[in-house]
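Derivation of every value follows stated rules applied to the coordinates shown; laboratory data play no part. Note that the coordinates shown come from a computational prediction; the quantities given were computed from them, not determined experimentally. Virtual Cβ from ideal backbone geometry, glycine too; neighbours counted across all protein chains shown.
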Amino acid sequence: MIEIGNISKFNELMTSTTDLILIVFTSIWHNSSYKFNNEMENLEKNYKDLKILSVNIDDNYAITNAYDIKQVPTTVFYKDGTKAYNDIIGADKLNEIEDIIKRNI
C-alpha cells in the first residue's frame, strides 16, 4: 500500500498505470481505519495487479475534498484512469471489495 503524502504524488500514481487502483481514505483517529488498512495490505499481497493508495484525510485535504469524502474508511475504485465502481463506505465491506477486485484482475 502506498501512503500518499501530497497531491503531486497522488496524480503521478493515478496516471502511471492501467492496473486496478483502490484509493483508501482513512484517518489515524478513526478506530477501524488501522485494522482496515492492515486488511487492505493483505489483499494487495494476494493480487499482484492491484495498486492501493492510502490517503489520510487529515493530511490530504485537497484530495479528500476533490473526492467529496464524508466518512472513513471510504474505498474508491479506478481502472484505466476512470472511476470503475461506486464508492464503498465502511470497514465491514471487505467481501464486497474483494469481489470487485476478483472481477477486475
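Taking every DSSP beta bridge that has both residues in the stretch 2-104, what percent is antiparallel when rounded to the nearest 5?
For the stretch 2-104, the DSSP antiparallel bridge percentage is about 50.
Along Cα→Cβ, 7 Å out, is where each label goes; now give me the distance between the ones at Tyr61 and Asp49 in nm to one decimal.
According to this spin-label approximation, the distance is 4.0 nm.
Can you give the extra length, in nm with one decimal, that the chain gains between Lys102 and Gln71 once fully stretched, where that is 0.36 nm per residue apart less the Cα-Cα distance?
8.7 nm
Give me the percent relative contact order of the stretch 2-104, please, defined on Cα pairs under 8 angstrom at least 6 residues apart.
Rounded, it is 35 percent for the stretch 2-104.
Report the gain in length on full extension from Lys93 to Asp80: 0.36 nm times residue separation, minus Cα-Cα distance, nm rounded to one decimal.
2.3 nm
How much mean residue ellipticity at 222 nm does the chain get from its helices, if each DSSP H run of length 4 or more adds -39500 (n - 2.57) and you divide by all residues, to the nearest 500 deg cm²/dmol?
On the way: 4 runs with 42 residues, N = 105.
It lands at -12000 deg cm²/dmol.
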